[in-house]
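Read the structure below first, then the notes.
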Amino acid sequence: MKSEKIINALFKQNQSLMKMMGGYVNGNVPNRKDVPIEEAGFSRRVYNILANQKIKSISQLEGVDRSEILCWRNCGRSALYEIERITFKFGVKLATWN
């Protein structure tokens, strides 16, 4: 009985957290690749880099070459690492090095 109350409380807490986060908790995203870059969790710096490149969603990064990303204005190794990390989380693969 006591364990049921705990489970129900955790379930309700998880549902409210999912509402607050827009459903993007633990990868529970309806279509993971169509997530807008505003909601993907990029830092402000990387968000601005992507916005300057007219990238609106994670899916637009599919197949983009890493060396091309490093040529973008204000984009260095740490920004590339962040882009790789977040795109991997959403199942988007960048192209290999040329």
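The values are calculated or read from the model by the stated rules, or taken from the named source; none is laboratory data. These figures come from a predicted structure and were not determined experimentally. Quick reminder, even Gly has a Cβ in these numbers, built from the backbone with ideal geometry, and neighbours come from all protein chains shown.
Which pairs do you get when a residue that is of a type in the set (Ser, Thr, Tyr), found in segment 46-65, comes within reach of a residue that is surrounded by fewer than 14 Cβ atoms within 10 Å (Cβ to Cβ), reach meaning Cβ atoms under 6 angstrom, with the pair 6+ apart or on two chains?
From segment 46-65, the pairs are Ser57/Asp34; Ser57/Pro36; Ser59/Asp34.
Tell me, yes or no, whether segment 79-89 has at least one residue that is surrounded by 15 or more Cβ atoms within 10 Å (Cβ to Cβ), touching a residue at least 24 places away in the same chain (Cβ under 8 Å) and either in contact with a strand residue (DSSP E or B) (Cβ under 8 Å, 6 or more places away or on another chain) or in a loop (DSSP other than H, G, I, E, B) (or both).
no
Being more than 14 Å from the chain's Cα centre (by Cα) and at pLDDT below 95 is true for just one of Glu68, Glu39, Glu84, Glu62. Which residue is that?
Values: Glu39 fails: more than 14 Å from the chain's Cα centre (by Cα); Glu84 fails: more than 14 Å from the chain's Cα centre (by Cα); Glu62 fails: more than 14 Å from the chain's Cα centre (by Cα).
On inspection, the qualifying residue turns out to be Glu68.
Table: residues versus (1) in contact with a helix residue (DSSP H, G or I) (Cβ under 6 Å, 6 or more places away or on another chain); (2) modelled with pLDDT under 95; (3) surrounded by fewer than 10 Cβ atoms within 10 Å (Cβ to Cβ).
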| residue | (1), (2), (3) |
| --- | --- |
| Ala9 | no, yes, no |
| Gly27 | no, yes, yes |
| Pro30 | no, yes, yes |
| Lys33 | yes, yes, no |
| Val46 | yes, no, no |
| Asn52 | no, no, no |
| Gly76 | no, yes, no |
| Val92 | yes, yes, no |
| Trp97 | yes, yes, yes |
